[in-house]
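Worksheet: one structure, shown below.
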Amino acid sequence: MKDKYFIDTNIIVYSFDTSNPPKREIALNIISEALTQSKGIISYQVIQEFMNAALRKFKIPLTSNDCQKYLTVVLEPICEVYSSIDLFHQALEISERWQFSFYDSLIISAALKAECSIVYSEDLQHQQKIYNLQIINPFES
């Protein structure tokens, strides 16, 4: 592990949530640090999930053009893990062993593949360890 951290989709979604300023600020700080210090990463799955939420689920959906810009400026530079058969095999093993959903297991597998030491996520159990990976909910006090 090289002090890198993985950013789950929910963190990126919160960076657009003007109805929750404290969570938005924390999310923006995590993303900003990822871009400036090259330690935060995401996977192809995070991009897919974010784009779906931004285009269809946001209170005021982003336009396709806005998504293109965000993809180019923010998401592409921090995306390091892409789909692979090995990733799917590892996700299945993690799902079986820790009883996570398959999609959560893909997030964890991607973080492990990228040699991250932390996953920032609100959706997973705060402070749980999976191998050498620590799950952190950045919104916990």
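Derived scalar couplings between HN and Hα for region 126-137 equal 4, 6, 5, 10, 10, 6, 9, 9, 9, 8, 10, 8 Hz in order, rounded to whole Hz, by the Karplus curve 6.51 cos²θ - 1.76 cosθ + 1.60 (θ = phi - 60°), x for Gly and Pro. The orientation-averaged projected area of the convex hull spanned by the Cα atoms of region 1-84 comes to 5.8 nm². The length gained on full extension between residue 24 and residue 126, counted as 0.36 nm times the residue separation minus their Cα-Cα distance, comes to 34.9 nm.
Relative to its Kirkwood radius, the Cα radius of gyration of the chain gives an Rg/Rh of 0.95. Dividing the helix sum by the residues of the chain, where each DSSP H run of 4 or more adds -39500 (n - 2.57), gives a mean residue ellipticity at 222 nm of -14000 deg cm²/dmol.
Counting other beta carbons within 10 Å of each residue's own, what order do 6, 50, 16, 102 fall into, fewest first?
Numbers: 6 30, 50 24, 16 17, 102 12.
Going from sparsest to densest Cβ surroundings: 102, 16, 50, 6.
Please give the FRET efficiency for residue 39 paired with residue 68, using the beta carbon to beta carbon distance and R0 = 25 Å, rounded to the nearest 0.05. Taking R0 as 25 Å, the efficiency between residue 39 and residue 68 is 0.45. Computed from backbone phi with θ = phi - 60° and the Karplus coefficients 6.51, -1.76 and 1.60, the 3J(HN,Hα) list for region 68-73 is 4, 5, 5, 4, 5, 7 Hz; x is used for glycine and proline.
Starting from the Cα-Cα distance between residue 58 and residue 83, subtract it from 0.36 nm times their residue separation and give me the gain in nm to one decimal.
6.4 nm
Ordered by the number of other Cβ atoms lying within 10 Å of each residue's own Cβ, fewest first, 79, 116 fall into the sequence 79, 116.
Only the coordinates and a few stated rules stand behind these numbers; no lab work does. Fair warning: this is a prediction, and the values are worked out from it, not measured in the lab. No Cβ is skipped: glycine too gets one built from the backbone with ideal geometry, and neighbour counts run over all protein chains shown.
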